[in-house]
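Below you'll find the structure, written out as structure tokens, and then a few comments.
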Amino acid sequence: MGPMRRLFWPAVVLGLALAAFDIVPAAYVVALLMALAIWRVGTAMLASLHGGGPTPESPPAPVDTRVERVTYWCEGCGAELLLLVRGSRTPPRHCGEPMHERREVPRDVHG
């Protein structure tokens, strides 16, 4: 727990006491408390992003593109993704929607 986090509630109590006894104008105390609240919410939101995304179901496995070529495409914008390493069976997302899987088997070059 960081020092700023430990000082949050004592600062709130001190600010309210200063405003209650007319030592500091209430508008200054409210502005400072709002800044502290915004800071607290912002740091909590950034800390929640630190956890990372979902973990893969299995260890990443290389895909042999000579046997089968797996691509994903976005229906919304047409973006296409060539799969070289599979970490999950869940399709990636693009434009807010799951991408569509397309499998292509290369033709034999000798006949």
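None of the figures in this text is laboratory data; all of them are computed from the coordinates on show. All of these numbers come straight from a predicted model, not from anything done at the bench. Note: ideal-geometry Cβ built from the backbone for every residue, glycine included; neighbour counts use all protein chains shown.
A compact table of results
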read-out	value
Calculated from backbone phi, Karplus (6.51, -1.76, 1.60) coupling profile of the range 87-98 in Hz, x at Gly/Pro	x, 7, 7, 6, x, x, 10, 8, 6, x, 10, x
The chain, dipole about Cα centre (Lys/Arg Cβ +1, Asp/Glu Cβ -1), debye to the nearest 20	280 debye
Ellipticity estimate at 222 nm from DSSP helix runs (n ≥ 4, -39,500 (n - 2.57)) divided over the chain, nearest 500	-12000 deg cm²/dmol
On Cα atoms only, tilt of 8-20 relative to the major axis of the chain in degrees	40 degrees
Helix axis angle, 26-49 relative to the chain longest principal axis, alpha carbon, degrees	20 degrees
Lys/Arg +1, Asp/Glu -1 at C-beta; the range 14-99 dipole; positive extreme among MET45, HIS94, VAL70	VAL70
Antiparallel bridge percentage (DSSP; both residues within the chain; nearest 5)	100 percent
